[in-house]
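Just so you know, all these numbers are worked out from the coordinates, no wet-lab data involved. The shown structure was predicted, so the numbers you read here are calculated from the model rather than taken from an experiment. All Cβ positions, glycine included, derive from the backbone under ideal geometry; neighbour counts span all protein chains shown.
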Amino acid sequence: MPEARTFASLDELRAAVGEELGTTGWLEIDQKRIDLFADATGDHQWIHVDPDRAVQGPFGATIAHGFLTLSLIPSFTPELLRVEGVKMGVNYGVNKVRFPAPVPVGSRLRASGQIAEVTEVTGGVQLITRITIEREGGEKPVCVAETVSRFYL
């Protein structure tokens, strides 16, 4: 697993606007993960969960839900950055989410990130991180999003 960029303080984080955070390790997306996501969300559209029918579909196989791909960001984030010297960090939301390309079953994904913005909030800071998730061998990203996190002292 790649080593995350560690920020020892909020001052270090503030000074890192524009900094690239590197790339995570690869994560394979298998049918079991897709099926479990379908069960968790109630989204059982055939393009995700019916391998026999999906072979005849536009992608030649089942594909991961876009929101499954988005939901992987919290698993990638610890490989991209850590903030020390805070009492807690919380997920505050997501901006500008796009899914430029599909994720066929069996794909391997990884994420990269960039510190886009750090602003003051009561008791801490708000961090916007630009996250790009790519598929091994893919020409386009499979997900691009700005995550919004807050870190409190």
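Of note:
- Of note, THR69 satisfies the criterion of being in a helix (DSSP H, G or I) and surrounded by 17 or more Cβ atoms within 10 Å (Cβ to Cβ).
- Hey, LEU72 within 18 Å of the chain's Cα centre (by Cα), of a type outside the set (Ser, Thr, Tyr) and over 19 Å from LYS32 (Cβ atoms) or not: no
- Across region 107-153, the number of residues qualifying as in contact (Cβ under 8 Å) with a residue 12 or more places away in the chain, assigned to a strand (DSSP E or B) and among the charged types (D, E, K, R) comes to 8.
- Filter result (surrounded by 18 or more Cβ atoms within 10 Å (Cβ to Cβ), touching an Asp or Glu at 6+ places or on another chain (Cβ under 7 Å) and more than 16 Å from LEU72 (Cβ to Cβ)) within region 115-130: ILE115, ILE128
- Subset tally (residues that are in contact with a helix residue (DSSP H, G or I) (Cβ under 7 Å, 6 or more places away or on another chain) and exposed (fewer than 15 other Cβ atoms within 10 Å of the Cβ)) for region 18-34: 1
- Among the residues of region 86-97, the ones that are part of a strand (DSSP E or B), in contact with a helix residue (DSSP H, G or I) (Cβ under 9 Å, 6 or more places away or on another chain) and surrounded by 14 or more Cβ atoms within 10 Å (Cβ to Cβ) come to 2 in all.
- Taking the conditions (1) farther than 19 Å from ARG5 by Cα; (2) free of Cβ contacts under 8 Å to residues at least 40 places away in the same chain in turn, ILE63 satisfies each one other than (2).
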